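S.K.: Below is a structure I'd like to ask you about.
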Amino acid sequence: MSQRVARTTLTALALACIATLGHAQQAKLKVGLMLPYSGTYAALGVAIENGFKLRLDEQGGKLGGREIEFVKVDDESDPAKATDNVNKLIKRDNVDVIVGTVHSGVTIAMAKAAKESGTVLIVPNGGADAVTGPMCAQNIFRSSFSNWQPAYAMGEVAGKQGKKKAITITWKYAAGDESVAGFKEGFEKAGGKVDKQLAVPFPNVEFQALLTEIAAAKPDVVYAFFAGGGAVKFVKDYAAAGLNKTIPLVGPGFLTDGTLEAQGESAQGMLTTLHYADGLDTPRDTSFRTAYAKTFKLQPDVYAVQGYDAAQMLAIGLNAVKGDISKKAEFASAIEHAKIDSPRGQFTISKAHNPVQDIYLRKVAGNENKVVSVAVKNLADPARGCKL
Ligand code: PHB
């Protein structure tokens, strides 16, 4: 090859490279947001989206150098529609990443589809233990919690307080069942006994008959899993029946997070456990809260934090692969080795891709879930059944 031909070939190659790079920088990353925008969990879906978008704004509208295009689906917290909804995002809209969702049953269907297609999934709430248990996968991550985590901590706290006899009450579906199981494990290890497990179908809010049963049984403590609109109704009904005067009502922090304005007097003094709290008073949390309140004219809650951290985790993965999300192993490895600088406090991601995090004990005072102490430091989900 003459020098001139070689030079021309090199120039052509260089131009092609620049063109490709330029193209890669311009192509938007398609993010499928599959969240509840209607029903009892609607406010949770909105908070997650707000948190995600706040982090994106802070990064100048780009993650890993790529602009973001959103495709939104209202999953209605309906597991019967979940497979169709997620497959539309994967197969019709060809999204690069899915962020979702709140309801454990819908989350399980999403994890199944993500596992089959290899699409990256970041779960910003749905606590289904199986997602980072038997269903764990290289391309599935959670920025929130497993149902076991806050529940186990509350069991331990109640047991150590010397409570002996508990009744649990929940919606009858994966999240409620697993939350009750986590509480029971912690409580019985600490010397208590769960006497009775009550449930209503999701998302029913007819609690009267079960409250009568609780009043008659007179346990030392009641543990409840409800969230969103259902949590508002349950906490108010519990107080209206006069039960809050005699039998402490406790739960994972979902029972009082993002709901206090509506619960008012009925929630005062309640103890809950969660990976977030009001009054953390760290520079990181304060700047997040100020920015969130300014942008959305709303106070942030745990769901906003989980959405914010989903964007942080996505950015960490994308930065490591320079925006090329097809590099699955490097993408995953970057997140696995990261310390995520969350408003909740720093956390890491376990091998099963679930947060390893402090669980706070909080007490309701006014409109705040005020931090009391760290109930369990660096709590990792046991990841039972995960083979990664
Ligand atoms: C769940 O279904 O996993 C779930 C829903 C709402 C919460 C927490 C967990 O606040």
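The values are calculated or read from the model by the stated rules, or taken from the named source; none is laboratory data. Because the structure is predicted, anything quoted here is derived from the model rather than measured. We place every Cβ from the backbone using ideal geometry, glycine too, and count neighbours over all the protein chains shown. When the accessible area is computed, the model is the full protein with side chains, heavy atoms only, and any ligands, DNA or RNA have been set aside. Shrake-Rupley method; radii C 1.70, N 1.55, O 1.52, S 1.80 Å.
S.K.: On the full set of protein chains, 1.4 Å probe, figure out the accessible area of Thr348 and give it in Å² to the nearest 10.
M.R.: My reading of the accessible area for Thr348 is about 50 Å².
S.K.: With both bridge residues required to lie in the chain, what share of the DSSP beta bridges run antiparallel, to the nearest 5%?
M.R.: Expressed as a percentage, antiparallel bridges in the chain total about 40.
S.K.: Using only Cα atoms, locate the centre of the range 304-327 and the centre of the range 74-121, then give the distance between them in Å, rounded to an integer.
M.R.: When both Cα centres are located, 18 Å separates them.
S.K.: At 1.4 Å probe size, what's the solvent-accessible area of Phe70? Round to the nearest 10 Å².
M.R.: Approximately 60 Å² for this residue.
S.K.: What's the Kirkwood radius of the range 148-274 in Å, using all Cα pairs? Numbers along the way, then the final one.
M.R.: Values: mean 1/r = 0.0715 Å⁻¹.
Kirkwood hydrodynamic radius for the range 148-274: 14.0 Å.
S.K.: Just report the Cα centroid separation between the range 223-260 and the range 342-379, whole Å.
M.R.: 20 Å
S.K.: Quick one: of Lys297/Lys322; Lys88/Lys327; Lys115/Lys377, which pairs are farther than 26 Å apart, Cα to Cα? Spell out each step's value before the answer.
M.R.: On the way: Lys297/Lys322 34 Å; Lys88/Lys327 23 Å; Lys115/Lys377 31 Å.
Lys297/Lys322; Lys115/Lys377, as the Cα separations exceed 26 Å there.
S.K.: If you don't mind, there's one more thing I want to ask. Before I look further, what does the chain give for accessible area per residue, probe 1.4 Å, in whole square angstrom?
M.R.: Numbers: 15990 Å² over 388 residues.
I get 41 Å² per residue for this part.
S.K.: Calculate what fraction, in whole %, of the accessible area of the chain sits on carbon and sulfur atoms when a 1.4 Å probe is rolled over the protein chains. Write down the numbers at each step before the final one.
M.R.: Details: 8690 of 15990 Å².
Within the chain, the accessible surface is 54 percent carbon and sulfur.
S.K.: Mind ranking 246-252, 373-379 by how tightly packed they are, going by the mean number of other C-beta atoms within 10 angstrom, highest first? Display every interim value, and only then the final one.
M.R.: Working: 246-252: 21.4, 373-379: 15.6.
Highest-to-lowest ranking by the protection proxy: 246-252, 373-379.
S.K.: How would you order 27-36, 54-63, 123-132, 177-186 from highest to lowest mean count of nearby Cβ atoms within 10 Å?
M.R.: 123-132, 177-186, 27-36, 54-63
S.K.: On to the next question. From Cα pairs below 8 angstrom and at least 6 apart in sequence, can you work out the relative contact order of the chain, rounded to a whole percent? Write down the numbers at each step before the final one.
M.R.: Numbers: 836 pairs, mean separation 70.5, N = 388.
Computed value for the chain: 18 percent relative contact order.
S.K.: Cβ neighbours within 10 Å, averaged per peptide: list 72-79, 87-94 in order, most packed at the top.
M.R.: 72-79, 87-94
S.K.: Helix 283-296 sits at what angle to the longest principal axis of the chain, using alpha carbons and giving 0 to 90 degrees rounded to 10?
M.R.: Compared with the principal axis, the helix lies near 90 degrees.
S.K.: Relative to the longest principal axis of the chain, what angle (0 to 90°, nearest 10) does the C-alpha long axis of helix 302-320 take?
M.R.: Taking the Cα atoms of the chain, the angle to 302-320 is about 20 degrees.
S.K.: I want to check a number: in the range 148-274, how many lysine pairs have alpha carbons closer than 15 Å, given a sequence separation of 8 or more or different chains?
M.R.: Step by step, the pairs that qualify in the range 148-274 add up to 25.
S.K.: Any chance you could get the radius of gyration and Dmax over the Cα atoms of the chain, in Å?
M.R.: 22.6, 97
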